[in-house]
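Please see the structure below; I have some questions.
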Amino acid sequence: MNGETGLRMAIVGHTNTGKTSLLRTLTRDVAFGEISARPGTTRHVEATSLMVGGRARVDLYDTPGLEDSTTLLALLGEYRERGDGIDRIRSFLDSAAARGELEQEAKVLRQVLGSDVLLYVIDAREPMLGRHRDELMVLGLAARPLIPVLNFTGSAESRESAWREHLARIGLHAVVAFDTVLFDPADERRLYEAVQAMLAPQYDLLQQLIEEREAAWQALRRSAAATVADLLIDAAGAARRVREGNAAEMSSASTWLQERVREREERCIRQLMELFAFRSEDVVAERLAIEHGRWQMDLFAPETLRRFGLSAGTGAVKGAAVGAGIDVIAGGLSLGMAATLGATIGALWSTVDRFGRKLLDRLRGYVDLRVDENTLRVLAARELQLIDALLRRGHASLSQVELKGDAARAPWPGADLPAALRRARHHPEWSTLIARGPGAPEAERAAALHALQEKLLQQLP
Amino acid sequence: MAEVSSPRVITPFQRRLLAEAWRRIEETGGGPVDTTHAELAAVAQGGDFETRVLNRAQALALSADLPRALHGLQQAIRRAAWTLIAIGGVIGAVAARSTLNADHAGLVNFYWVLVALLGVHSVALLMWFVSLLFSFSGSNVPPTPLRAPFEALARMLASAVSGNVQRSAYSAWMGIIGSGVLGRWGLSALLHAFWLAALGGMLAVTLLMLSARQFDFVWETTILPDEGFIKLTERLQDLPARLGLGSLDRETILASRRAAERAPPPGARRGWSTLLIGSLIAYGMLPRIALLAFSLLMLGRSRGRYRLDLELPGYARLRPRLMPASRRIGVVDADIGAAARRDGELRAGRLPAARETAVLGIEIDPPGTGWPPALAIGAQDLGIAVERAALDCALQRLRALQDHPLSLLVVCSLTASPDRGMARVLRDCRAAHHGPIALLLTQRARTAVRLGETACREREGDWRRIAIATGFDAAHILVLDLDDAEELREFLLARDDRHGAGGPA
Ligand SMILES: Nc1nc2c(ncn2[C@@H]2O[C@H](COP(=O)(O)OP(=O)(O)OP(=O)(O)O)[C@@H](O)[C@H]2O)c(=O)[nH]1
Ligand SMILES: [Mg+2]
C-alpha cells in the first residue's frame, strides 16, 4: 500500500510482553488495539502506519502472542525434508494445525513472512526460559532481521543485563531497551537506529523518521512551555478593582478571582493533555488523582505553598493573617487595614498599585486585587511537574499521571519572578481572565509569553 | 474539501488573520464542538503544520460566516482610514486659511507663516521618529502618537458589531494589526497619510489664496542680526531651488525686510510665494511621501512575513490531530475462532491428603523460602523446569515413580501468563501422573504489585481456568506465596490444626 519505498515491521513475541503497548507508544495512539494484563488479548493482526513526511511510510503490524512455540517448533521439525525454513513455515501454514489449535501462531508466522523486519518484544522481568529459545528458533526459520526489544526495563525487577548476555550468546546483539510505559525519546531513537543498521536500503526513510520524531519532541516541549506561560500571564495580570476597606466587596472579588484562576488552570491542564495526545479520559483520571492526592489541596491554602517550599505571605502580613493573609503593597498606607482584612478573607492577594490613573484610583480609595506572587510560583511548579510527567509517559500507559510531589520545588527559588511575568502583572489587558478591550495588543503579550516560555524551558528536562 | 466560496480573493495574510481570529473564537468557547471533519480534510490536504491550521480554520470559519464579518471589518477600517485622511486635508486647509488670513493689509511675516504651516508637522515627525526608535529598542511599542486614537477607533468599530463571536474576532484582529511590527508600520503609514493630506490641504488653500489675493511677504527682527536671516533664507531655499521653486536673491531678501529703506523689487512677491510653496513641498510633502512609501513597503513586507505563532496553546493543541504521528490501517488478519473466555471460579484450595509428594517447579525462580517447599514433607524433588528438555526429563522421572502412592505438586508463578503453552505443560504433567495432583500458584504479592489487585485477581481466575481445563481438581489449586515465610508458616499451622482435629491423635 505504500509503493516500493515502504517499510513493514512486525511486532512479535510471547503473549503479554507488551506488543500492543509498544505499538501504542510508537504511534502515539492511545486507542490502538486492546491492552490487558491477561494473556491472549490481541487475537488478530492489526496494522497501523507511521507518518513520515506527511505520508504513511512505515507499516507496523501488531500480532497475537506466540503462546505454544514448543508444539509449533516440534511441528515445523516434522517438515524438515520440505526445504529451508521459509518453505517449512509455508508447509505449516498450509497444514490443518494452522487452522486449528495453532491458528494464532499461524497468523504470526504469516505476518512474519510478509514483513521486512521483526521486533521481538521481551518482558525483561522474566528470566530467559526455554520457550523464549523456542520462539527465537521458530522466528529464525523465517530468516528476517530480528531486533529483540526489552520491555519493562523501567521496572525494578528488570533483568536487562542478563538478557543482553543471553541474547548475545545466541548471536543477537542489536538489542534495544524500550519501556513502553516509561517513555524515553532516546530509546525510541535507538530502536529506529537498530532497524536502520539492519536494513541499509531503508536508511534514509528511517533517518527522516528519526529526525521528524526529534523535531516533534522539541515542538512538544516548546509548546508545553508556551501553554504554561500563557496560563501564568493570564493569572499574573488578572486584577479586580475594589473599594478599599469594603470587606464584603473585597471578599467577593477575591472569590471571583480565585474561581477564575482555578478554571484557567484546569483549562491549561486540558490543553496539555490534548497537546500530548493523551485521551480525554486521561484527564478524568487525572482529575480524580487531583481529588485524592495533593492536587486536591487548595491552590491558595498556605499549606500548598509550604509544600512547594514557599512561605505564605510576606513581612508584616505574615503575623496578622492566621493561615492566610492579604499581601498588600499599596504603599504603607493600607498595610494595617489589609492585614486585618487578611484574617477574614483568607486568600493571598497583592495589590499592585502603580502609575497615574491607578494612583488616582488609590486616592479615590480603590485598589487592585491580584494573585499573589507565591501563588504564581505554585502554579508554575504544578504545571511544570505535569509536563515533566507527560514527557516521560508512554502512550501505552494505563495508569494515572504520577507526580513526584514532595521533592518538587517551585521554580526560581530565592530569585525574582522572570521579568516577563513581572511585566505581565502590570498589564491587565494581557490577561484573558478579565474582559479585554478591543485591540488589546497581541504582539506585546506574545513577546512576553515567549520570554517566559524560554525561562520555563530551562526548568524542563 | 470545499474551496472558499467567498467572492473575494483571500491573500495568505488574510488567511492567517482569519485563523488568528478563529483561534480566539475557539478559546472563548465559540465554534462547533465537533471539528473532526475539518481536521481530517486538512490532514488529507497535507502540507506543513501551518498550512493545515490555515485550512482547518478556513473550513470552520466559513461555516460560521467569519470571512464575511472580517471583510466587513476591513471595509470599515478602510473607510475609517479614508475619513481620517479626509479630516487631515480639511484641517490642513483650515490651518492654511487662518494663518494667511491672520495678518491685515496683505502684509505677511514669511517666517511666521512658515512656522505656522510646518511647525506642528515637524514636531509630529520628530515624535514619530523617536517613538519608532523606541519601538525598535525591544519594547515593541508601536508609535505612541497614534496608540490612543487607534484604540478609540477600535473600540468604536467593535461597538458597532453585534454577537459575541464576531466581537471577539474583531478585537483579536484589531489586536494583531494594531500591535507589533504590523502595528508599527500600519500606524506609521496612517500617520504619514494623515499628514500628507493635511499638507496637501494647506498647499491647495495656500495656492488658492496666493492666486486670488495679494500678500506682501516680509520678515522682521528686533534683536537678531539681519545677516542671519539672509543666510537662513538662502539655506532654506537650497532644497526647493533644486525643484525649481526658489529664485530669491540676496538683494530681494534684504529689500523684503519690514520697513526696509528700499522697496522690494517687482519679482519679490512671486519669489517669496514660490519659496513658501517650495518649502511646503520640499519640507512637508516630500518627506511624508517618502515615509509613507517606506511605511507601506515595510507594512507589505511584514505582512508577507507574518506567520502564525504555532506554539500558542490554541494552535499547539491541534498538532496531534493535524500532524498525527501515525495512521491506523485496521485489522489485516482477523480472528476467526475467538474462543469464549470464562472465569474460573475462585475457591480456596488445599493439598491432597498427606502422602508422599513429588514437587515440580515450572518456569519459576527458586522461592525465597527455599526449594523444595517446606510444605511437602518427604518430598521427591523433580526440580524446576525452565525449558522443554528439563520438563521432559522431570516427567520421565515422574513416570518412573508411578508404582509409589505419590501425589504431585506442580508449582507455578502467578507472574507467568496462563497461556496455551502453559496449558500444554500442565496437561503433560497431568498425563504423566496417575495419582492425585495439585497446583500451587506462588508469587501472588509480586503479581499484585506488577498488575494491580484487579488484574491479579483476573489472572488467578485465568490460571484456575486452564488448570481445571487440563484436568486439575478445582479443590487442589491453591495460592500460596512461597517467597513469604510468614504466609507459609501460617499455612502450615492451619494445616496441622486441621489434621490434628480430623485425624486420630
Ligand atoms: N509497567 C509496565 N507495564 C507494561 C509495559 N508494557 C506493557 N505493560 C503491561 O503489560 C500488559 C500486557 O500488555 P499488552 O500490550 O496487552 O501485551 P501484548 O504483548 O500485546 O499481549 P497479547 O496481545 O495478549 O499477546 C498490560 O497490562 C500492560 O499495561 C511496560 O513497559 N511497563
Ligand atoms: Mg496485544
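The values are calculated or read from the model by the stated rules, or taken from the named source; none is laboratory data. Because the structure is predicted, anything quoted here is derived from the model rather than measured. A quick note on method: Cβ atoms are made from the backbone with ideal geometry, for glycine too, and the neighbour counts reach across all protein chains shown. The accessibility values were calculated without ligands, DNA or RNA, using every heavy atom of the protein model including side chains. Shrake-Rupley method; radii C 1.70, N 1.55, O 1.52, S 1.80 Å.
Mind checking which residues of the range A:12-51 are more than 7 Å from chain B (Cβ to nearest Cβ), β-branched (Val, Ile, Thr), more than 6 Å from ligand 1 (Cβ to nearest atom) and more than 22 Å from the chain's Cα centre (by Cα)?
The one that is more than 7 Å from chain B (Cβ to nearest Cβ), β-branched (Val, Ile, Thr), more than 6 Å from ligand 1 (Cβ to nearest atom) and more than 22 Å from the chain's Cα centre (by Cα): A:Val12.
For B:Leu40, are the conditions met, namely being at pLDDT 80 or above, under 16 Å from the mean Cα position of the chain (by Cα) and surrounded by 14 or more Cβ atoms within 10 Å (Cβ to Cβ)?
Criteria not met by B:Leu40.
Got a sec? Which of A:Glu193, A:Glu165, A:Glu259, A:Glu211 is acidic (Asp, Glu), out of contact with any strand residue (DSSP E or B) (no Cβ under 7 Å at 6 or more places or on another chain) and closer than 22 Å to A:Arg125 by Cβ?
Only one candidate qualifies: A:Glu165.
Select the helices (runs of 4 or more DSSP H) contained entirely in the range B:107-221, then report the ones holding at least 3 residues which are modelled with pLDDT of 80 or more and either touching a helix residue (DSSP H, G or I) at 6+ places or on another chain (Cβ under 6 Å) or within 11 Å of chain A (Cβ to nearest Cβ) (or both).
B:110-134, B:180-212
Can you name the number of the only condition in (1) assigned to a helix (DSSP H, G or I); (2) of a type outside the set (A, V, I, L, M, F, W, C); (3) over 26 Å from B:Arg269 (Cα atoms) that B:Gly29 fails?
(1)
Sort through A:Thr63, A:Thr71 and tell me the only one that's more than 15 Å from ligand 1 (Cβ to nearest atom), touching a helix residue (DSSP H, G or I) at 6+ places or on another chain (Cβ under 8 Å) and not basic (Lys, Arg).
Every option except A:Thr71 fails the conditions.
Find the helices (runs of 4 or more DSSP H) located wholly in the range A:1-96 whose residues include 1 or more that are within 16 Å of ligand 2 (Cβ to nearest atom) and either free of Cβ contacts under 8 Å to residues at least 24 places away in the same chain or buried (at least 23 other Cβ atoms within 10 Å of the Cβ) (or both), and list them.
Correct list: A:19-27.
Among the residues that make up the range A:156-166, is at least one of them within 20 Å of B:Pro320 (Cβ to Cβ), in a helix (DSSP H, G or I) and among the polar types (S, T, N, Q)?
No, because not a single residue in the range A:156-166 is within 20 Å of B:Pro320 (Cβ to Cβ), in a helix (DSSP H, G or I) and among the polar types (S, T, N, Q).
Right, something else. From the list B:Arg78, B:Arg68, pick out the single residue that is away from every other protein chain (no Cβ under 12 Å) and touching a residue at least 12 places away in the same chain (Cβ under 8 Å).
From the options B:Arg78, B:Arg68, the qualifying one is B:Arg68.
For B:Ala467, indicate whether it is open to solvent by less than 20 Å² (accessible area, probe 1.4 Å) and either more than 23 Å from A:Thr41 (Cβ to Cβ) or modelled with pLDDT of 90 or more (or both).
yes
Return only the number of the condition from (1) within 14 Å of another protein chain (Cβ to nearest Cβ); (2) of a type in the set (A, V, I, L, M); (3) farther than 19 Å from A:Leu7 by Cα that A:Val112 does not satisfy.
Status for A:Val112: all satisfied but (3).
Continuing with this model, one more query. Got a number for residues in the range A:129-156 being at pLDDT 90 or above and away from ligand 2 (no atom under 16 Å from the Cβ)?
Looking only at that region, the number is 18.
Does B:Tyr315 meet the test of being modelled with pLDDT of 85 or more, open to solvent by 30 Å² or more (accessible area, probe 1.4 Å) and of a type outside the set (A, V, I, L, M, F, W, C)?
no
Let me ask another. How many of the residues making up the range A:97-112 are outside any helix (DSSP H, G or I) and open to solvent by 20 Å² or more (accessible area, probe 1.4 Å)?
Total satisfying the criteria: 2.
Within the range B:405-428, can one find any residue that is acidic (Asp, Glu) and assigned to a loop (DSSP other than H, G, I, E, B)?
yes
On to the next question. Pick out the one residue from A:Pro418, A:Pro413 that is open to solvent by less than 60 Å² (accessible area, probe 1.4 Å), of a type outside the set (A, V, I, L, M, F, W, C) and either out of contact with any His (no Cβ under 8 Å at 6 or more places or on another chain) or at pLDDT below 85 (or both).
After applying the criteria, what remains is A:Pro418.
Could you please let me know if B:Leu299 is at negative phi, open to solvent by 10 Å² or more (accessible area, probe 1.4 Å) and touching a Phe, Trp or Tyr at 6+ places or on another chain (Cβ under 8 Å)?
yes
While we're here: Say we look at the range A:113-122 and pick out the residues that are within 34 Å of the chain's Cα centre (by Cα) and either in a loop (DSSP other than H, G, I, E, B) or surrounded by fewer than 24 Cβ atoms within 10 Å (Cβ to Cβ) (or both); which of these is farthest from ligand 1 (Cβ to nearest atom)?
A:Asp116
Okay, moving on. Being within 9 Å of chain B (Cβ to nearest Cβ), away from ligand 2 (no atom under 16 Å from the Cβ) and under 21 Å from B:Asp335 (Cα atoms): is that true of A:Glu101 here?
Spelling it out, A:Glu101 is indeed within 9 Å of chain B (Cβ to nearest Cβ), away from ligand 2 (no atom under 16 Å from the Cβ) and under 21 Å from B:Asp335 (Cα atoms).
From B:Leu395, B:Leu391, B:Leu409, grab the single residue that is more than 14 Å from chain A (Cβ to nearest Cβ), more than 60 Å from the chain's Cα centre (by Cα) and at negative phi.
Within the list B:Leu395, B:Leu391, B:Leu409, the selection yields B:Leu409.
Restricting the first residue to the range B:40-55 and requiring it to be more than 14 Å from B:Gly314 (Cα to Cα), which pairs with a second residue that is in a helix (DSSP H, G or I) and basic (Lys, Arg) meet a Cβ separation below 6 Å and a spacing of at least six or different chains?
These pairs meet every condition: B:Ala42/B:Arg52; B:Ala42/B:Arg56.
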